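See below for the structure under consideration.
The values are calculated or read from the model by the stated rules, or taken from the named source; none is laboratory data. Everything numeric in this text was worked out from a predicted model, so none of it was measured. When we count neighbours, we look across all protein chains shown, and the Cβ atoms used for this are built from the backbone with ideal geometry, even at glycine. When the accessible area is computed, the model is the full protein with side chains, heavy atoms only, and any ligands, DNA or RNA have been set aside. Shrake-Rupley method; radii C 1.70, N 1.55, O 1.52, S 1.80 Å.
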Amino acid sequence: MSSQATAGEGLDVLVVGAGFGGLYMLHKARTLGLRALAVDAAPGVGGTWYHNRYPGARVDVQSLEYSYSFSEELQQAWHWNERYAARPELLRYANHVADRFALRDRIRLETRLVAARWDEALARWQATLRAADGSEQCLAARFMVMASGPLSTPYMPAFPGLERFKGRVLHTAAWPHEDQGAVDFSGQRVGVIGTGSSGVQVIPQIAKQARRLTVFQRTPAYVVPAHNGPLDAEWERRVKADYAGFRARSRAMRTGFGSEHPPHMKSALAASAEEREARFEARWRIGGFAFLGTFYDLMIDERANALAAEFVRGKIRSTVRDPEVAARLSPTYPIGCKRLCVDSAGYYETFNLPQVELVDVSGGGRPIEFITERGVVAGGREHELDALVLATGFDAVTGTLMRLPLQGRGGLRIQDKWAGGPLNYLGLGTAGFPNLFHVAGAGSTAAFTSVILSIEHHVDWIGDCITWLDTQGHKSIEAEEDAEAAWMAHMLELARHTVFLGCESWYLGANIPGKPRVFMALVGGFPAYAEQCAEVAANGYAGFRLR
Ligand code: NAP
């Protein structure tokens, strides 16, 4: 039964989400002496790593960098087994953090925020929470922090006839819980739709089990090797000898990681063909995102980018035996424009296996027409399947908030406010929604950094902001519309000078039919962004209205 909460019984901070963002926000709030509660619809902590239990799920930033820096004891105590941790290890880490910092008593799992409305008179958020048993509770909170994750609402394309399919349908981001996600595909004919990061990870794993694997590819991905393996003990020792220094060097990078291999400050266009080849090859051997730093201008100059793209296509041609398949796997849009895929399992080699077929379902080719009881019809042919895996991604960045009855000042609905795209200021606040903060949402550099570094930055900024408001006796803070408009213009201006507008990516909302095409991430680099946020705070939260 729901009841209206009054200010007296409320919280200081309601945190939505118990992934890496929510856990740190909760810890921060408690260290500041604030009454805080985190809610998450999942039965466990870990956010995206809780849900994405598909075989092969693994982080694409090295574990020593994809981890919290806020506690020296934590970063010294924790040992990562692999250079790029797989999901089970990441989930163990999230649980370890929840236990180590005694957060569990303030986390309500299997509890969903189902509505929230700003109460102007009380200067509180009135939030309705729904537990798994259907019971509802209203809570008042002075602040609400949306740590609900940029990649938390799976996208299911509306394939005609999908409901008729007699086999099993699985989505990578909502993988079933049986045996820790070990769905048995032995002896089956399996189809995978989608070749983004999730598809690239799951495809080689399913290929090992299935009798037949059909990959339906609309747009090929650029896939670079991770060269994953056990974490190098000597590297771990060096990092831990001065973890603070290592973190500081990460924060000085535009991407917030990769300080061991910073971008080479030469233009790809200024290098000779031999030098270029040698440098691309060296970065390919290092693995991961270091490849995009082979030359400083790969992401800002289409001609430079084209040279890197051609290098990768060369790798595809030399790896995939069938030239037609290699051609189909070869992307033509700018490399890095869609998020680069980092491979630990031999993605391209998988297409040399006799049981694996690659079917082109590109718009220019032959899109998926419909689904029957038996399988997928594409290119006028029915592909019979026992199971269909959708690796079709997420309604990214805005999807979760846009499904929530969230009402700001004067009843303003987030769906109306963001009808044309996610308006925000500094990626931290939105005009019309006082005392509501975003963590790793639209408008920040989160998508282009190690997300945990961004999370820590946002949470620290929010914590400082709440402390300042309380010290100054302010009841609320809200982005001003002018500041928001200027921030949006700044974001677009930065993106215009990159290759990021040259493809159909989730950064642009282009993966979801009908979603407004707005570039949702900030490409200016983490140091400049952090400096801007710090300046705003130092200037009494300039661009925010205080009450
Ligand atoms: P994604 O990058 O959006 O890829 C979705 C795939 O599904 C694309 O290949 C897309 O084709 C395809 N698709 C969507 N609708 C389709 C349709 N109607 N017909 C045919 N194909 C369709 O999603 P994701 O792979 O889940 O990755 C999303 C993000 O999550 C990544 O960019 C990354 O940031 C994160 N992630 C990271 C890792 C990791 O390595 N740590 C793993 C998984 C996810 P089009 O390209 O043509 O749209």
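Restricting to the range 492-532, name every residue that is within 16 Å of the ligand (Cβ to nearest atom) and either among the acidic types (D, E) or open to solvent by 40 Å² or more (accessible area, probe 1.4 Å) (or both). Result: L501, G502, E504, W506, P513, G514, R517.
Among the residues here, T128 qualifies as more than 16 Å from the ligand (Cβ to nearest atom) and touching a Cys at 6+ places or on another chain (Cβ under 9 Å).
Just checking, does the range 38-46 include any residue being out of contact with any helix residue (DSSP H, G or I) (no Cβ under 9 Å at 6 or more places or on another chain), modelled with pLDDT of 95 or more and more than 16 Å from the ligand (Cβ to nearest atom)? Yes, the range 38-46 has at least one match.
Table: residues versus (1) of a type in the set (S, T, Y); (2) under 27 Å from K515 (Cα atoms); (3) touching a Leu at 6+ places or on another chain (Cβ under 8 Å); (4) within 11 Å of the ligand (Cβ to nearest atom).
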residue	(1), (2), (3), (4)
R104	no, no, no, no
L109	no, no, no, no
A115	no, yes, yes, no
E120	no, no, no, no
D133	no, no, no, no
P157	no, yes, yes, yes
G187	no, no, no, no
G194	no, yes, yes, yes
I203	no, no, yes, yes
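Close contacts from the range 209-234, counting a first residue that is over 24 Å from F291 (Cα atoms) and open to solvent by 50 Å² or more (accessible area, probe 1.4 Å) and a second that is among the aromatic types (F, W, Y) and not in a strand (DSSP E or B), with Cβ to Cβ under 7 Å and a gap of 6+ residues or different chains, come to Q209/F185. For the range 196-208, a residue qualifies if it is within 22 Å of P154 (Cα to Cα) and either open to solvent by 10 Å² or more (accessible area, probe 1.4 Å) or among the basic types (K, R) (or both), and the qualifying residues are G196, S197, S198, Q201, Q205.
Here G408 clears all of (1) open to solvent by 40 Å² or more (accessible area, probe 1.4 Å); (2) away from the ligand (no atom under 13 Å from the Cβ); (3) modelled with pLDDT of 95 or more except the condition numbered (1).
Among what's in the range 453-466 and is open to solvent by less than 60 Å² (accessible area, probe 1.4 Å) and more than 23 Å from the chain's Cα centre (by Cα), pick the residue that is nearest to M520 (Cα to Cα). Out of the qualifying residues, it is C465. Within the range 363-375, being part of a loop (DSSP other than H, G, I, E, B), farther than 26 Å from K208 by Cα and open to solvent by 40 Å² or more (accessible area, probe 1.4 Å) holds for G363, G364, R366, P367. Of all the numbered requirements in (1) free of Cβ contacts under 8 Å to residues at least 24 places away in the same chain; (2) within 27 Å of P55 (Cβ to Cβ); (3) small (G, A, S), S344 misses one, and that requirement is (1). Is it true that H27 is open to solvent by 20 Å² or more (accessible area, probe 1.4 Å) and more than 18 Å from the chain's Cα centre (by Cα)? Taking the combined requirement at face value, the residue satisfies it. Only one entry of S450, S476 meets the criterion of being farther than 26 Å from R409 by Cα and among the hydroxyl-bearing types (S, T, Y), and that entry is S450. Pairs meeting the criteria (first residue in the range 433-452 and at negative phi and open to solvent by less than 10 Å² (accessible area, probe 1.4 Å), second residue basic (K, R) and more than 16 Å from the ligand (Cβ to nearest atom), beta carbons under 7 Å, at least 6 apart or on different chains) are P434/R409. Of the strands (runs of 3 or more DSSP E) lying entirely inside the range 50-162, not one contains at least 2 residues that are free of Cβ contacts under 8 Å to residues at least 12 places away in the same chain and of a type in the set (A, V, I, L, M, F, W, C). Checked against the criterion of being out of contact with any strand residue (DSSP E or B) (no Cβ under 8 Å at 6 or more places or on another chain), of a type in the set (D, E) and open to solvent by 30 Å² or more (accessible area, probe 1.4 Å), the candidates E480, E535 yield just one match: E535. Among helices (runs of 4 or more DSSP H) entirely within the range 257-362, having at least 3 residues that are of a type in the set (D, E, K, R), open to solvent by less than 20 Å² (accessible area, probe 1.4 Å) and within 22 Å of P204 (Cβ to Cβ) singles out no element at all. Scanning the range 235-256 for residues that are assigned to a helix (DSSP H, G or I) and without any contact (Cβ under 8 Å) to a residue 60 or more places away in the chain gives R237, R238, A241, G245, A248, R249.
Please determine whether any residue of the range 142-162 is among the aromatic types (F, W, Y), under 27 Å from F289 (Cβ atoms) and surrounded by fewer than 19 Cβ atoms within 10 Å (Cβ to Cβ). Looking for residues that are among the aromatic types (F, W, Y), under 27 Å from F289 (Cβ atoms) and surrounded by fewer than 19 Cβ atoms within 10 Å (Cβ to Cβ), one finds none in the range 142-162, hence no. Screening R106 on (1) crowded, with 16+ Cβ neighbours inside 10 Å; (2) in contact with a Pro (Cβ under 9 Å, 6 or more places away or on another chain) shows it passes everything except condition (2).
Scan the range 172-184 and tell me whether some residue there is near the ligand (Cβ under 10 Å from one of its atoms) and not in a loop (DSSP other than H, G, I, E, B). Looking for residues that are near the ligand (Cβ under 10 Å from one of its atoms) and not in a loop (DSSP other than H, G, I, E, B), one finds at least one in the range 172-184, hence yes.
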